[in-house]
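Only one structure is covered here, and it is reproduced in the block below.
The values are calculated or read from the model by the stated rules, or taken from the named source; none is laboratory data. Everything quoted here is computed from the prediction, not taken from an experiment. Neighbour counts run over all protein chains shown; Cβ positions are idealised from the backbone, glycine included. The area values use the complete protein model at the heavy-atom level, side chains included, leaving out ligands, DNA and RNA. Shrake-Rupley method; radii C 1.70, N 1.55, O 1.52, S 1.80 Å.
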Amino acid sequence: MTRPLISVIIPARNEERWIERTVQQALLACNHLERRESASGRPLWELLVVDNASTDRTVEALELFQVEHGVKVIRLESLGAARARNAGRRESAGQVLVFVDADTTIPVDALTRVWEHCRDRHWAAGITSLGSLDGGVRARIWWSFWNNIRRLPLAKAKAMPAFMFCTAAAFDAYGPFDEQVAIGEEWPILAGLYRHSARDVIYDRTIVARSSSRRMEHGHFGYTRTLFKYVWAIVHVRGRIHYTDEIR
């Protein structure tokens, strides 16, 4: 059976507020890819949502997408964003794997450009810029700061599970996502590949995905607290394991 060009994998736990918008935008990007690559004569995409034991109406919100667009919903009872992404990988067949968080929307041409990066320029993995989906000035400063951090020539700086991609071959060689940690679970793939061959990882700053700032907007001094937690996770493995935020 011919493999699709791209598998879009979206992990979701209690995301009824965001999941419809995220899937709708991903489908627009799938349709854009279809229009650009229609002469290929092969299946172009598949979209998988991994429901991670949601207790709200996340699954119900996906029913129409299943019926009308063939979105595949996978139920996973073992909690953890890394486990959900790995479960999506096990069920996917695409030549390129695109991981999108449930509170993140991608540009209409994002998948087309990802495919061109992998097909024409032979990149094995990549990340993009992130922008604010729902925040104000503080959110714009936050995402601008991290977008610049990712420009550093450091393996751990090439990290962003909210919207990342890699070839299936790269995932199988360097993955899976680390299920033992609560943050930085993408480092085996992105940082591992970057250490091995930095020229195979692209940071395309011209693609801007929009992600919710809810984890930073939640509670007093949310941006400061989140920054310290991220820094602690970078410098010590305990910070990656004992990450206490309920919002991921």
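Some points to look at:
- The mean sequence separation of alpha-carbon pairs under 8 Å and at least six residues apart, normalised by the residue count of segment 121-248, gives a relative contact order of 34 percent.
- Separation in nanometres of the label points that stand 7 Å from Cα toward Cβ, at Thr55 and Thr224: 3.2 nm
- Sequence-separation-based contact order of segment 1-69, relative, with Cα cut under 8 Å and 6+ spacing, percent: 54 percent
- Under the criterion of Cα pairs below 8 Å and six or more residues apart, the relative contact order for the chain equals 21 percent.
- Portion, in percent, of the accessible area of segment 138-248 that falls on carbon or sulfur, probe 1.4 Å: 59 percent
- Remark on Ile207: its backbone amide H falls under 5 Å from those of Ser129, a criterion applied only to residues 5 or more positions apart or on other chains, H modelled at 1.01 Å from N.
- Less than 5 angstrom separates the built amide H of Trp45 from those of Leu5, Ile6, all sequence-distant by 5 or more or on a different chain.
- Between Arg238 and His196, residue separation times 0.36 nm minus the direct Cα-Cα distance comes to 12.6 nm.
- Probe 1.4 Å, protein heavy atoms only - accessible area per residue of the chain in square angstrom: 47 Å²
- Aspartates and glutamates whose Cα lies under 13 Å from that of Lys156, excluding same-chain neighbours fewer than 8 positions away: Glu185, Glu186
- For segment 101-107, Karplus couplings with θ = phi - 60° (6.51, -1.76, 1.60), whole Hz, Gly/Pro x: 6, 5, 10, 10, 10, 10, x
- Size of electric dipole in the chain: Cβ of Lys, Arg +1 and of Asp, Glu -1, about Cα centre, debye, nearest 20: 960 debye
- Approximate spin-label separation Asp109-Arg3, in nm, with each point projected 7 Å along Cα-to-Cβ: 2.7 nm
- Rounded to the nearest whole Hz, the Karplus-based 3J(HN,Hα) values (6.51 cos²θ - 1.76 cosθ + 1.60, θ = phi - 60°) of segment 15-31 follow the sequence 10, 4, 6, 10, 5, 5, 4, 5, 5, 4, 5, 5, 5, 4, 5, 5, 5, with x at glycine and proline.
- For segment 130-248, size of Cβ-based charge dipole, Lys and Arg +1, Asp and Glu -1, in debye: 500 debye
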